[in-house]
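A short worksheet on the structure shown next.
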Amino acid sequence: MPYSRPTARLFLSATLSLAGLVAAQAATVSDEDKAFVAKVSQGGMYEVELGKLAEDKGARQDIKDQGNTEAHDHGLVGDKLKSIATSAGLSFPDTLNAEFQGRLDRMKSLSGAAFDSAYVKDMKAIHDADGAAFAKEVKSGTNPDLKAFAAETYRIVQRHLGELGAKTN
């Protein structure tokens, strides 16, 4: 059954309004916001995968436990970032890029104390880099949802750095 003219006009008007809303949301995302999402989405996915690897390959129990924490926390953070990014009209990667896949492959080749030491060193490095990206987004980001996400997640990154700092190489 075809729509009546008033119903068709209402449907068209609602569709155009929704398209305008999506365009307005995308317009509130700067190039810096886009770069932030691209960078920390990769770092977060890497931390999840490396955390899972530490759960399996860690020689020490504290490394296994930290891996579990990293995989859990960054999985939740990644889900939240994906939700914010997609609602802002941004694409979100599903796989690691070549740089992070290479880092993960290198870690897979290690075992025992060598793995534990490399794990702590690499996790400190990625948390330092991501922490700087979160702090920058809080200060100069343009999308309010991404800024709020960055402020909240920065605290998680700082907590993880404290936990990692307590681990000896």
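The values are calculated or read from the model by the stated rules, or taken from the named source; none is laboratory data. Since this is a predicted model, take the numbers as computed values, not measurements. We place every Cβ from the backbone using ideal geometry, glycine too, and count neighbours over all the protein chains shown. All accessible areas refer to the heavy atoms of the entire protein, side chains included, with ligands and DNA or RNA removed. Shrake-Rupley method; radii C 1.70, N 1.55, O 1.52, S 1.80 Å.
Worth a mention:
- Residue check, Ser91 among the polar types (S, T, N, Q) and at pLDDT 95 or above: no
- Every residue from the stretch 113-139 that is over 18 Å from the mean Cα position of the chain (by Cα), open to solvent by 30 Å² or more (accessible area, probe 1.4 Å) and not charged (D, E, K, R): Ala113, Ala114, Ser117
- Hey, Gln101 at pLDDT below 95 and farther than 26 Å from Ala148 by Cβ or not: no
- Verdict on Ser17 being open to solvent by less than 70 Å² (accessible area, probe 1.4 Å) and modelled with pLDDT under 95: no
- Of all residues in the stretch 28-48 being among the charged types (D, E, K, R) and open to solvent by less than 40 Å² (accessible area, probe 1.4 Å), the one that is nearest to the chain's Cα centre (by Cα): Glu47
- In the stretch 141-169, the residues that are part of a loop (DSSP other than H, G, I, E, B) and modelled with pLDDT of 85 or more: Gly141, Thr142, Asn143
- Flag if Ala23 is more than 21 Å from Leu164 (Cβ to Cβ) and modelled with pLDDT under 95: yes
- The set of residues in the stretch 49-62 being open to solvent by less than 20 Å² (accessible area, probe 1.4 Å) and part of a helix (DSSP H, G or I) consists of Leu50, Gly51, Ala54.
- Selection status of Phe92, open to solvent by less than 60 Å² (accessible area, probe 1.4 Å), touching a helix residue (DSSP H, G or I) at 6+ places or on another chain (Cβ under 7 Å) and not in a helix (DSSP H, G or I): yes
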